[in-house]
1. Below 8 Å between Cα atoms, with a sequence gap of 6+, how large is the relative contact order for segment 322-463 in percent?
2. If you roll a 1.4 Å probe over the heavy atoms of the protein chains, what accessible area per residue do you get for segment 313-409, in Å²?
3. Which values, in whole Å and largest first, are the semi-axes of the equivalent ellipsoid of segment 1-98 obtained as the square root of 5 times each eigenvalue of the Cα gyration tensor?
4. Taking θ as phi - 60°, what are the ³J(HN,Hα) couplings along segment 230-246 by the Karplus curve (6.51, -1.76, 1.60), each to the nearest whole Hz, with x for Gly and Pro?
5. Identify the GluC sites (Glu not before Pro) of segment 485-574 meeting these criteria: DSSP loop state and at most 14 other C-beta atoms within 10 Å of the C-beta.
6. Of the listed values [x] 1.73; [y] 1.16; [z] 1.09, identify the label whose number matches Cα Rg over 2.2 N^0.38 Å calculated from this model.
7. Give me the percent of accessible area attributable to carbon and sulfur for segment 447-505, probe 1.4 angstrom.
8. May I ask for the angle, rounded to the nearest 10°, between helix 145-163 and the longest principal axis of the chain, with both axes built from Cα atoms and the value confined to 0 to 90°?
Amino acid sequence: MKQRWRFWASVALIWVLSTCVDRLWWTLQTGVPAWDQADYLNSAMDHGRALGLLPGGGWQGWQALLDLSPKIPPLASLVNGSVMALSGDAPEQAAWSLSLWHGLLLVVMAGWGRRLQGDGLALIACLLVALTPAFLDLRTDYVLEMALVASCSLAVWRLGVWCDPQSGGRWGQAWGCTAAALAAVLVKQSALLVLFPPGVWAAVMALRRGGPWLRQALLLPLLTAGLIGPWLRHNWITSLGGTNRAVFESAAREGDPGVLSFASWLWYPRLLPEQLGSVLLVVGLSGLLLWGRQRQHPSTDHAWSWRWLLINLFAAWVLTTLSPNKGDRYIAPLLPAILLLLARGWWQWGHWLHARRLGLVWPLFGAGLLVCFPAGWAHQLHRFEDRPRGPVEAVVQAAGGADPSTSPATLIVVPSTSDLNQHNVSFYGRRHGGQTVGRQLGGSRRDSDPVLAQAEWVVLAEGNQGSVRKAAQRLDQAVRSSGVFELVNQFQRPQGGSYSLWRRRSTIPMAGPSFAERFPDLAAGLEAGPEGLNPVFEAVGREHMLDGHFSYRDPVRSEALEVLAQDPEAVKPRWTLALLAVLENRPVQASEQFEVLQRLLPDNPWPAAYRSVVNLAGWNPWQAAAAADGASVSNPVLAALGDLSGVLSGAVWRIPSAMTSVPAAVTAVEEALEPTSNQEQDQEQASS
């Protein structure tokens, strides 16, 4: 018992010392969060507000909570938002959550290391984690990888404990490893790259062993339905779209090598010296060679645990390499397993020295660790130079941001740089309960007129515009030369140039009808079918940039309900409420409105088609099939939706029909959209 207490006290000491180093870094840094960092800070703030822990929000139900995580699961943001409520919402204060995740990782490394080789290897692994440049980086970079690394490592370790043929198969172990695996997936979908190999291995073992193992394995689908199911059902469309952009589109845009190319297979190995440090890597690898040379007879001690580590590490490395998008953060979940392996090499050198009774084990080991330290320290010093610095906080304060007493406002951000972008404008604008958000416009030539007509605040850049399209320059010139906006202030940038804040002149009112006034007519355009969709969603998308608070929704809904109270058979307000439900991701409410429209407009195929689509989006293929099949008018799109939803609901006999009807529907939609597409091209050429 005393030895165990000393062991965990040593682990705690490692965490305390490494956290002190991290807090020193956060104290000395003077930068601002860039794109990803600000986005994750915003997500944590959103979830903290939704839980009622941070000012500016409150509990509005599960649906509202699920709305906050459309692309990435919510667990890390829920934890980080709760920490933010205790520590404060400044970036350096919010970063205490990274120390929390680092503490979990150290606990995992300690427990996993003890299982592999005992206390000595476990402490070496914890020390290496604390000194590794990659983890020093992640502990001071507000992204999800620290949470992902800790949760994935916990899941793989506990799965190995449950699968152990000698000591596994207990219900407590099954509950622990299942909850850990689902928690990792709820941090980020990329956890599947790490968890898929051990998950398949565990499933095969459970099927072979049967009995209690198989019954315990059933916990996974049951808990998946309870923990991941609600989020996935609510956000599966946006999650798939976000994954496609993050994995495939990003890989193509960044010019990453093909997945089967030689460069792809060397991509991550070449990063290891920089991520782990050359000394740590050389000592660890040479120690592994020494271990292999000295093992004359394979030992059965810890054999299962080492086999579990090595096979799953190799399989996860292959899957990660096969992912099209490459980046140093993507290999981070595998680094703890690599460090456990390298720690075995370090331990072997200590064993070799001890066997020769040289009396230099601890001095040499301490010297080796000290030699590892400069790699991480130099890496962190270099990051000070790369840290974006800019006047974003001053810009936001000049626009009234971060003040809960001011009205909700939207800043249109034309440039997009690491030191000023829509994400960090939103973060600083909503601190302390503020209601100012940033939105990016300038990606299209069509953005200029809406900004001049409706925007209140605009941020421009003098000098480098960042990662924006050429159309942003057109919007920049329009704001400066139109006379609609007046310059409020100009803020110098550390790297040269400046940012300027512009406000709409008080003498120039918003032009044209408000979006709330135009919304019913836009919604009624859905009645035209596919050709009516593009104008509707293009206008809505632009409005969501101009008004980041969606303030049009409540008055539009109230007006529609008032009309229906007087005339329940009115068609136009039904289209309004249906479109609102679609935009708010409420498939059940949307289906109800489309069902009424299907009755009121029996000769129009599109209410039934929309009703079928929203039911499919809500994981209700049975209602989707009923909506399409029950329409009183024939249409190729309805026929395809009926066959497709019928197949998804179990009617496999409709597969032959679907193979014919789905291509016919695609052709019909393309023909309907072709005139609209040609007209848009003509307008674009004319504006050029």
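The values are calculated or read from the model by the stated rules, or taken from the named source; none is laboratory data. Everything numeric in this text was worked out from a predicted model, so none of it was measured. Virtual Cβ from ideal backbone geometry, glycine too; neighbours counted across all protein chains shown. Please note that ligands, DNA and RNA were not included when accessible areas were found on the heavy atoms of the full protein model with its side chains. Shrake-Rupley method; radii C 1.70, N 1.55, O 1.52, S 1.80 Å.
1. It rounds to 19 percent for segment 322-463.
2. The answer is 48 Å² per residue.
3. The answer is 30, 19, 11 Å, longest axis first.
4. x, 5, 5, 5, 6, 10, 5, 5, 5, 5, 5, x, x, 5, 4, 5, 6
5. Here the sparse-neighbourhood loop sites are E569.
6. Only one option fits the structure, namely [z].
7. Whole-percent figure for carbon plus sulfur exposure: 44.
8. 60
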